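Since the structure comes first, as structure tokens, the remarks are kept for the end.
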Amino acid sequence: MTGPVIALLALVALLGGCAAVGGPPPPPPVPPVALAASVAPGATDVAPAEPLTVSAAGGRLTTVTVTPTGGAALAGTPDPSGTRWTSPQLAYGTEYRVQAAGVDEQGRPGAPLDQTFTTVAPEKTLEIASIRPTDGQTVGVAMPISINFDSPVTDRAAVERRVSVQTSTPTEGSFRWMSDEQLNWRPKDYWRPGTQVSVSARLFGVDSGEGVYGEEDRSFSFTVGRDQRARGDVNAHTLVLYQDGQEFKSMPASYGRAQYPTQYGVHVAFEKHEVKRMRSDTWGGPAEGTPGFYDEDLPLAVRISNNGEFVHVNAATTRQQGRSNVSHGCVNLSPTNGQFFFNWVQMGDPVEIVGSERPLTTRDGDIADWTIPWEEYRQGSALAST
């Protein structure tokens, strides 16, 4: 029996040796950490619309230093994982040096990052010349948002992408370019009362076309006030006021005579003047020295379009108010009713005129958004088909 036992032990030893030689393979090597910046090394004419980011793949960042030539290092923000660092807003016409170090998942340092890039130095910038409504304003339910630029915008889509409208209640709406210099936004239907609206135009660093770059970011907010509307009936010679859907005051009025009809459609109240100088030649009416010319100061005037239409006091036509239309296109009220309307109306309230033969159109100024059918309005967005 000795021989078989020895043979068996030898076989076991042999198998054991084979098992030791053929054990589990060693773990794959850990790849080194890879560092990268969001801007290519040596890049020039970089648009600073977005901040610079530095990231680490397969590890984490240990140091990041971004320094403008001749300036102090930027105070960037690392993310909680330590894999991404984000700069503050960059400047125009500046060379930056980016230096970063990192380690892999086992704490071993990788190849450092050291590169430079230069941002664009625009010859011309695009500025926001005016906004409507103004920041903090309370407005009526028909007020469109309007951003007016100081020069024409060639790349409308690039600019529009950087403008956002946030509302406290779900609101369907759309942008529309009213001209190369004016971008508007309105809801599909009148605003819901109480809606809080915030507008952000992140235009700094954006190429608006032909090498013109955004000058600065701009933001503003406003509140939609109570629901109140005025309805003017040219044929009934009345101006009826509604609040929260209920009629509460009807006033006799006089509208434009046959030669100068008040235009029908949704007008928007957007200016108030205690006294307004009015000249017929400012809206295409009779010129100075011709029959029908006028140049006078009229009290308590509320502008409802940019083609010369106002709701205002005209004591001289009080007898005709409620009976006939004798104005040059404005809505005439008595001193008492005009004072009431002036105190009551909010900027952004709709003044809906009916009964006229001439429509209000976008040719009549920059606040005729409600004269455009909704689907047509939406197509005025530079992003409508994107």
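The values are calculated or read from the model by the stated rules, or taken from the named source; none is laboratory data. Predicted, not measured: the structure shown is a model, and the values here were computed from it. Using ideal geometry, Cβ is built from the backbone for each residue, glycine included, and neighbour counts are taken over all protein chains shown.
Does Ser219 satisfy the condition of being surrounded by 15 or more Cβ atoms within 10 Å (Cβ to Cβ), of a type outside the set (Phe, Trp, Tyr), part of a strand (DSSP E or B) and outside the structural domain of Glu50 (by TED's automatic domain parsing)? Explain how you work it out, then say what you get.
Details: surrounded by 15 or more Cβ atoms within 10 Å (Cβ to Cβ): no; of a type outside the set (Phe, Trp, Tyr): yes; part of a strand (DSSP E or B): yes; outside the structural domain of Glu50 (by TED's automatic domain parsing): yes.
Answer is no for this residue.
Among Thr195, Thr223, which is within 17 Å of Val345 (Cα to Cα) and either polar (S, T, N, Q) or without any contact (Cβ under 8 Å) to a residue 40 or more places away in the chain (or both)? Reasoning before the result, please.
On the way: Thr195 fails: within 17 Å of Val345 (Cα to Cα).
Thr223 is the lone residue from the list that is within 17 Å of Val345 (Cα to Cα) and either polar (S, T, N, Q) or without any contact (Cβ under 8 Å) to a residue 40 or more places away in the chain (or both).
If Gly308 meets every condition in (1) in contact with a helix residue (DSSP H, G or I) (Cβ under 9 Å, 6 or more places away or on another chain); (2) part of a strand (DSSP E or B) apart from one, which number is that one?
Among (1) in contact with a helix residue (DSSP H, G or I) (Cβ under 9 Å, 6 or more places away or on another chain); (2) part of a strand (DSSP E or B), the lone unmet condition for Gly308 is (2).
From Arg192, Arg186, Arg226, grab the single residue that is of a type in the set (D, E, K, R), surrounded by fewer than 19 Cβ atoms within 10 Å (Cβ to Cβ) and either in a strand (DSSP E or B) or touching a Ser or Thr at 6+ places or on another chain (Cβ under 6 Å) (or both). Lay out the reasoning, then the answer.
On the way: Arg186 fails: surrounded by fewer than 19 Cβ atoms within 10 Å (Cβ to Cβ); Arg226 fails: either in a strand (DSSP E or B) or touching a Ser or Thr at 6+ places or on another chain (Cβ under 6 Å) (or both).
Every option except Arg192 fails the conditions.
Of everything in the stretch 109-135, what is of a type in the set (Ser, Thr, Tyr) and touching a residue at least 40 places away in the same chain (Cβ under 8 Å)? Give them in sequence order.
So the first thing to find is which residues in the stretch 109-135 are of a type in the set (Ser, Thr, Tyr), and the list is 116, 118-119, 125, 130, 134.
Hits for the stretch 109-135 are Thr116, Thr118, Thr119, Thr125, Thr134.
If Val302 satisfies all but one of (1) in the same structural domain as His267 (by TED's automatic domain parsing); (2) buried (at least 19 other Cβ atoms within 10 Å of the Cβ); (3) touching a residue at least 60 places away in the same chain (Cβ under 8 Å), what's the number of the condition it fails?
(3)
Just checking, does the stretch 246-263 include any residue being crowded, with 21+ Cβ neighbours inside 10 Å, touching a helix residue (DSSP H, G or I) at 6+ places or on another chain (Cβ under 7 Å), assigned to a strand (DSSP E or B) and not aliphatic (A, V, I, L, M)?
Yes, some residue in the stretch 246-263 is crowded, with 21+ Cβ neighbours inside 10 Å, touching a helix residue (DSSP H, G or I) at 6+ places or on another chain (Cβ under 7 Å), assigned to a strand (DSSP E or B) and not aliphatic (A, V, I, L, M).
When the residues of the stretch 267-299 are narrowed to those that are surrounded by fewer than 19 Cβ atoms within 10 Å (Cβ to Cβ) and in contact (Cβ under 8 Å) with a residue 40 or more places away in the chain, which ends up farthest from Trp370 (Cα to Cα)?
Of all residues in the stretch 267-299, those surrounded by fewer than 19 Cβ atoms within 10 Å (Cβ to Cβ) come to 271-277, 279, 281-297, 299.
Still in the running and in contact (Cβ under 8 Å) with a residue 40 or more places away in the chain: 271-272, 283, 285.
Numbers: Glu271: 17, Lys272: 20, Trp283: 21, Gly285: 25 Å.
Among those that are surrounded by fewer than 19 Cβ atoms within 10 Å (Cβ to Cβ) and in contact (Cβ under 8 Å) with a residue 40 or more places away in the chain, it is Gly285.
Please work out if Arg231 is under 21 Å from Gln346 (Cβ atoms), of a type outside the set (Ser, Thr, Tyr) and in contact with a Pro (Cβ under 7 Å, 6 or more places away or on another chain). Before you say what the answer is, go through the steps one by one.
Numbers: under 21 Å from Gln346 (Cβ atoms): yes; of a type outside the set (Ser, Thr, Tyr): yes; in contact with a Pro (Cβ under 7 Å, 6 or more places away or on another chain): no.
No: the conditions fail for Arg231.
Residue-wise test of (1) in the same structural domain as Gly355 (by TED's automatic domain parsing); (2) closer than 25 Å to Asp369 by Cα; (3) polar (S, T, N, Q).
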site	(1), (2), (3)
Val197	no, yes, no
Ser200	no, yes, yes
Asp233	yes, yes, no
His237	yes, no, no
Met251	yes, no, no
Gln259	yes, no, yes
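Just to be sure before I move on: is Gly265 modelled with pLDDT of 95 or more, touching a Pro at 6+ places or on another chain (Cβ under 8 Å) and on the phi > 0 side of the Ramachandran plot in the structure I sent? If you could, list the steps in order and put the result at the bottom.
On the way: modelled with pLDDT of 95 or more: yes; touching a Pro at 6+ places or on another chain (Cβ under 8 Å): yes; on the phi > 0 side of the Ramachandran plot: yes.
Here the answer is yes, as Gly265 does meet what is asked.
For the stretch 268-287, name all the residues that are part of a strand (DSSP E or B), out of contact with any Pro (no Cβ under 8 Å at 6 or more places or on another chain) and under 22 Å from Pro144 (Cα atoms).
Within the stretch 268-287, Glu271, Lys272, His273 meet the criteria.
Could you identify the single residue in Pro187, Pro252 that is within 22 Å of Arg162 (Cα to Cα) and touching a strand residue (DSSP E or B) at 6+ places or on another chain (Cβ under 9 Å)? Even if it seems obvious, please write down each step before you answer.
Working: Pro252 fails: within 22 Å of Arg162 (Cα to Cα).
When all the criteria are applied, what remains is Pro187.
If you scan the stretch 35-44, which residues turn out to be more than 13 Å from Arg84 (Cβ to Cβ) and surrounded by 13 or more Cβ atoms within 10 Å (Cβ to Cβ)? Can you show your working first?
Looking only at the stretch 35-44, we keep the residues that are more than 13 Å from Arg84 (Cβ to Cβ), and these are 39-44.
Hits for the stretch 35-44 are Val39, Ala43.
Taking the criterion of being among the β-branched types (Val, Ile, Thr) and surrounded by fewer than 15 Cβ atoms within 10 Å (Cβ to Cβ), would at least one residue in the stretch 361-371 satisfy it?
Applying the first criterion (among the β-branched types (Val, Ile, Thr)) to the stretch 361-371 yields 361-362, 367, 371.
Narrowing further to those that are surrounded by fewer than 15 Cβ atoms within 10 Å (Cβ to Cβ): 361.
Checked the stretch 361-371: at least one residue is among the β-branched types (Val, Ile, Thr) and surrounded by fewer than 15 Cβ atoms within 10 Å (Cβ to Cβ).
Just to verify a result, which residue in the stretch 58-88, among those that are loosely packed, with under 14 Cβ neighbours inside 10 Å and touching a Gly at 6+ places or on another chain (Cβ under 9 Å), is nearest to Pro31 (Cα to Cα)?
First, the residues of the stretch 58-88 that are loosely packed, with under 14 Cβ neighbours inside 10 Å: 63, 69-73, 75, 77, 79-81, 88.
Right, trim to touching a Gly at 6+ places or on another chain (Cβ under 9 Å) and you get 63, 88.
Values: Thr63: 20, Pro88: 31 Å.
By that ranking, first place goes to Thr63.
Quick one: which of Asn332, Asn337 is crowded, with 18+ Cβ neighbours inside 10 Å and in a strand (DSSP E or B)? Break it down stepwise before answering.
On the way: Asn337 fails: in a strand (DSSP E or B).
Answer to the selection: Asn332.
Kindly evaluate Leu52 against the criterion of being under 18 Å from Val206 (Cβ atoms) and either under 24 Å from the mean Cα position of the chain (by Cα) or surrounded by 16 or more Cβ atoms within 10 Å (Cβ to Cβ) (or both). Break it down stepwise before answering.
Details: under 18 Å from Val206 (Cβ atoms): yes; either under 24 Å from the mean Cα position of the chain (by Cα) or surrounded by 16 or more Cβ atoms within 10 Å (Cβ to Cβ) (or both): yes.
Yes, satisfied.
Restricting to the stretch 313-328, name every residue that is among the hydrophobic types (A, V, I, L, M, F, W, C), outside any helix (DSSP H, G or I) and under 22 Å from Lys272 (Cα atoms).
Within the stretch 313-328, just Val313 meets the criteria.
Select from the stretch 158-176 the residues that are buried (at least 17 other Cβ atoms within 10 Å of the Cβ) and touching a Leu at 6+ places or on another chain (Cβ under 9 Å) and write down the one among them that is farthest from Ala49 (Cα to Cα).
Filtering first and then ranking leaves Arg176.
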